[in-house]
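As structure tokens, the structure follows; a few thoughts come after it.
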Amino acid sequence: MKKRYTLEQKHWDAPVGHAMPEHSRVPASFSIGNVRIAPATVLAPMAGVTDTVFRRFIKNASLFTPNADLSTTVEAQTTNQQSGCGLIMTEFTSADGLSRMRESKRKRYLTYYDDEHPISAQLFGSNPGTLADSARIVQDAGFDLVDLNLGCPAKRVVACNGGSGLLRDLPLIEVIFKAVRAAVTIPFTVKFRMGWNDSNIVCVELARLAEACGLNAVALHARTREDGYTGQARWEYIAAVKDAVRIPVIGNGDIRTPEDAAAMVDATRCDAVMIGRAAPSNPWIFRQIAQYTATKEASGVGSYDIPTDMDRYRMIRTYFQMLVDEIALEEAAEATRAAELTEAGQIAARARHRDAVGKMKQFASWFTHGIPGGSTLRKQIFEAISGPAVLDAVEAFFANPAKPAAIGLRETVLHEDVLHEAILQAT
Ligand SMILES: Cc1cc2nc3c(=O)[nH]c(=O)nc-3n(C[C@H](O)[C@H](O)[C@H](O)COP(=O)(O)O)c2cc1C
């Protein structure tokens with residue numbers, strides 16, 4: 001059976017992340033083709049997580065006012081539109097599915113709002129023609145970038161030769177790169193793992209191939225397919241890729257804190273950092289990186305705010321309200337189409353509603369770890385049967401809070417086992 005990582009195996013459990021390198025900082029900006037991304041931070045694509053609601057939520061939670069009084073908590077009102085998260089990406093979407101779907105269904109898969117720009121759509125698949133068609137659909141839908149997934153370790157994706165399955169077939173990757181490149185004019189990027197396993201490390205060769213085929217950037221999750229999510233990401237391979245190409249390199253793997261982000265830049269000289277699992281458990285991570293970078297630049301010593309219970313309450317409340325609003329919007333659209341909806345359509349609509357409530361429950365368990373009395377709230381949320389009922393439970397819980405206390409990052413990250421369960425389900 002595949003090894004699951006335990007908390008003991010992760011350096012994430014350490015109270016302080018990587019040692020703070022003195023001069024290194026996450027760059028203020030970088031460009032992928034003609035798209036400028038500022039700051040140089042990217043929200044990683046995560047199936048089942050990074051839908052439009054979560055992406056907008058992260059952008060808002062990331063708002064950062066560089067000149068703000070740094071003694072205020074992160075709940076302080078922000079007055080500018082600067083987000084600590086420079087680029088967001090969709091969950092991966094099957095190119096085969098996308099090219100076969102009806103227009104209305106496609107729209108749902110590719111939903112995004114104006115305030116999400118710049119935004120990249122990620123595709124997976126192994127058929128060059130289908131991937132090229134889907135890239136065109138993505139471009140026509142107004143996305144700023146299109147990304148190819150060569151990292152997904154999921155059996156059902158690999159079985160169709162997609163995701164990390166393709167890492168064993170560089171000649172096919174070359175055909176895909178060329179087909180997609182010829183199909184679109186928007187910047188085209190690839191996100192990949194180091195290779196299938198330790199006997200088949202291809203990341204440097206792959207990055208060179210991407211550059212030669214006209215791709216505009218590469219993102220490396222520094223693990224092999226066989227690693228799954230175990231052990232620690234091997235950042236030295238990000239450095240090796242950076243040495244090998246001139247196009248921007250985005251580093252990914254095991255960034256938990258602003259210190260980690262700075263340490264990755266220091267160790268690899270990557271052009272940007274990409275953050276995945278830390279974002280659902282600490283949605284302020286991008287804002288903290290921005291704050292850490294700004295304070296470090298100003299005084300030489302980086303610092304950032306730690307969310308309080310009240311910040312956490314507002315965060316849960318905001319995210320759930322966004323989900324409830326999104327469900328209401330979908331329901332309204334479906335009500336107007338009710339007459340046209342077939343029985344299958346109505347069943348699908350009800351399933352989507354259940355999914356949204358399920359998502360609230362999933363997020364509730366991530367968000368409420370570390371909150372005094374959080375287990376009571378989780379129980380109430382899991383028993384709720386509708387979106388508004390979940391909101392009521394959150395409201396009632398925080399109306400009579402247990403002792404408020406500042407929540408340190410350490411407490412907010414201890415539920416990796418829960419996140420990992422979600423990964424296993426998603427893959
Ligand atoms: C629940 C979950 C879903 C994911 N889905 C995708 C995906 O759709 N596409 C992708 O390229 N990577 C996916 N990943 C991998 C992340 O993008 C990222 O590479 C990985 O989590 C390592 O980064 P981290 O250490 O910052 O989490 C997923 C990861 C998780 C935890």
### Summary
Note: among Asp243, Asp266, just one is more than 20 Å from the chain's Cα centre (by Cα), within 18 Å of Ala28 (Cβ to Cβ) and either open to solvent by 10 Å² or more (accessible area, probe 1.4 Å) or not polar (S, T, N, Q) (or both), namely Asp266
### Message
Restricting to the range 139-163, and then to whatever is within 19 Å of Gly129 (Cα to Cα) and assigned to a helix (DSSP H, G or I), can you tell me which residue is most open to solvent (accessible area, probe 1.4 Å)?
### Response
Asp140
### Summary
Residue pairs within 7 Å by beta carbon, gap of at least six or interchain, first lying in the range 228-256 and hydroxyl-bearing (Ser, Thr, Tyr), second assigned to a helix (DSSP H, G or I) and within 14 Å of the ligand (Cβ to nearest atom), listed first then second, are Tyr229/His420; Tyr229/Ile423; Thr230/Gln9; Tyr237/Cys203
## Note on the structure
Of (1) at pLDDT below 95; (2) part of a loop (DSSP other than H, G, I, E, B), Pro45 satisfies every one except (1)
## Note on the structure
Per the list (1) surrounded by fewer than 23 Cβ atoms within 10 Å (Cβ to Cβ); (2) closer than 26 Å to Gly358 by Cβ, residue check on Gly300 breaks on (2)
### Query
How many residues does the range 208-234 hold that are surrounded by 24 or more Cβ atoms within 10 Å (Cβ to Cβ) and not in a loop (DSSP other than H, G, I, E, B)?
6
### Query
What residue, among those in the range 129-153 that are touching a strand residue (DSSP E or B) at 6+ places or on another chain (Cβ under 8 Å) and of a type in the set (Gly, Ala, Ser), is nearest to the ligand (Cβ to nearest atom)?
Gly151
### Task
Give me a count of the residues in the range 243-297 that are assigned to a helix (DSSP H, G or I), within 11 Å of the ligand (Cβ to nearest atom) and either closer than 30 Å to Tyr313 by Cα or not aliphatic (A, V, I, L, M) (or both).
7
## Note on the structure
If we take the range 353-427, then helices (runs of 4 or more DSSP H) inside it with 2 or more residues that are at pLDDT 70 or above and either within 14 Å of the ligand (Cβ to nearest atom) or within 22 Å of Glu330 (Cα to Cα) (or both) are 387-399
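Yes/no matrix, rows are residues, columns are (1) modelled with pLDDT of 85 or more; (2) part of a loop (DSSP other than H, G, I, E, B); (3) open to solvent by less than 20 Å² (accessible area, probe 1.4 Å):
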position: Val49; (1), (2), (3): yes, yes, yes
position: Arg56; (1), (2), (3): yes, no, no
position: Ser71; (1), (2), (3): no, yes, no
position: Glu75; (1), (2), (3): no, yes, no
position: Glu91; (1), (2), (3): yes, yes, no
### Query
Can we say Ile238 is under 16 Å from Gly195 (Cα atoms) and open to solvent by less than 20 Å² (accessible area, probe 1.4 Å)?
yes
### Residue list for the range 164-174, filter: out of contact with any Cys (no Cβ under 8 Å at 6 or more places or on another chain) and open to solvent by less than 10 Å² (accessible area, probe 1.4 Å)
Gly165, Leu166, Leu167, Ile173
### Query
Are there any pairs, at least 6 apart or on different chains, whose C-beta atoms fall under 9 Å, with the first in the range 324-336 and open to solvent by 80 Å² or more (accessible area, probe 1.4 Å) and the second at pLDDT below 75 and assigned to a helix (DSSP H, G or I), and if so, which?
Glu331/Ala349; Glu331/His353
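The values are calculated or read from the model by the stated rules, or taken from the named source; none is laboratory data. Fair warning: this is a prediction, and the values are worked out from it, not measured in the lab. Heads up, the Cβs are rebuilt from the backbone with ideal geometry, glycines too, and the neighbour counts pull from every protein chain shown. What goes into the accessible areas is simple: the full protein's heavy atoms, side chains included, and nothing from ligands, DNA or RNA. Shrake-Rupley method; radii C 1.70, N 1.55, O 1.52, S 1.80 Å.
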